[in-house]
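Trainee: The structure follows.
The values are calculated or read from the model by the stated rules, or taken from the named source; none is laboratory data. Model, not experiment: these values are computed from the prediction. Counting neighbours? That spans all protein chains shown, and the Cβs are built from the backbone with ideal geometry, glycine included. Keep in mind that these areas ignore ligands, DNA and RNA; they rest on the heavy atoms of the full protein, side chains included. Shrake-Rupley method; radii C 1.70, N 1.55, O 1.52, S 1.80 Å.
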Amino acid sequence: QVELVESGGRLMQAGDSLRLSCVASGRTVSSYAISWFRQTPGKDREFVAGMNWSGSSTFYADAVKGRFTISKDNALNTFYLEMHSLNPDDTAVYYCAADRYGTGRPVLESAYTWGQGTQVTVSS
């Protein structure tokens, strides 16, 4: 079973850029689809970005398309979310998630292994 630990969340200013990291242990991420979700208080967790297990396809929520980029480094067993042009609506707890041999498209939450989350706050 893979275990995931996110890092990189912090307080940012609108317009800034930030990279979140998610380190996997227990299994190599090369056979896992990877995804990032985010959640704000009182709302459901929402899909942000995903990459299929082979790395050949990526998917993004409309709200982040063109600003966020998902990637993974199989050698480091780590995946990333590069975020640019941050705005206050991006404020949330960000979670990394993995599902084995997945497509990168969002699936049932129970299908994922989840990280613990990292807080990103964007002030105006």
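Trainee: Going through the range 12-23 one residue at a time, which ones are surrounded by 13 or more Cβ atoms within 10 Å (Cβ to Cβ) and either in a strand (DSSP E or B) or out of contact with any His (no Cβ under 9 Å at 6 or more places or on another chain) (or both)?
Mentor: Passing the criteria: MET12, ALA14, LEU18, ARG19, LEU20, SER21, CYS22, VAL23.
Trainee: Which of the residues belonging to the range 82-124 are open to solvent by 10 Å² or more (accessible area, probe 1.4 Å), in a helix (DSSP H, G or I) and modelled with pLDDT of 95 or more?
Mentor: Selection gives PRO88, ASP89.
Trainee: Now for a different question. Output the number of the condition that PRO41 fails; it satisfies all remaining conditions of (1) touching a residue at least 24 places away in the same chain (Cβ under 8 Å); (2) part of a loop (DSSP other than H, G, I, E, B); (3) at negative phi.
Mentor: All conditions are met except number (1).
Trainee: Write out, first by first residue and then by second, each pair whose Cβ atoms fall under 8 Å of each other, whose residues are 6+ apart or on separate chains, and whose first residue, in the range 107-122, is touching a residue at least 40 places away in the same chain (Cβ under 8 Å) while the second is surrounded by fewer than 16 Cβ atoms within 10 Å (Cβ to Cβ) and part of a helix (DSSP H, G or I).
Mentor: Taking only residues 6 or more apart or on different chains, the pairs are VAL122/PRO88; VAL122/ASP89.
Trainee: Would the range 61-75 turn up any residue that is under 24 Å from THR28 (Cβ atoms) and outside any strand (DSSP E or B)?
Mentor: Yes, some residue in the range 61-75 is under 24 Å from THR28 (Cβ atoms) and outside any strand (DSSP E or B).
Trainee: Can I ask one more? Please verify whether LYS65 is of a type outside the set (Phe, Trp, Tyr) and in contact with a Phe, Trp or Tyr (Cβ under 6 Å, 6 or more places away or on another chain), treating the condition exactly as stated.
Mentor: No.
Trainee: Can you tell which of GLY55, GLY9, GLY26 is closer than 15 Å to GLN119 by Cα and open to solvent by 20 Å² or more (accessible area, probe 1.4 Å)?
Mentor: Exactly one of GLY55, GLY9, GLY26 is closer than 15 Å to GLN119 by Cα and open to solvent by 20 Å² or more (accessible area, probe 1.4 Å), namely GLY9.
Trainee: Can you say whether SER85 is under 18 Å from THR40 (Cα atoms) and more than 13 Å from the chain's Cα centre (by Cα), as far as the supplied structure shows?
Mentor: In short, no.
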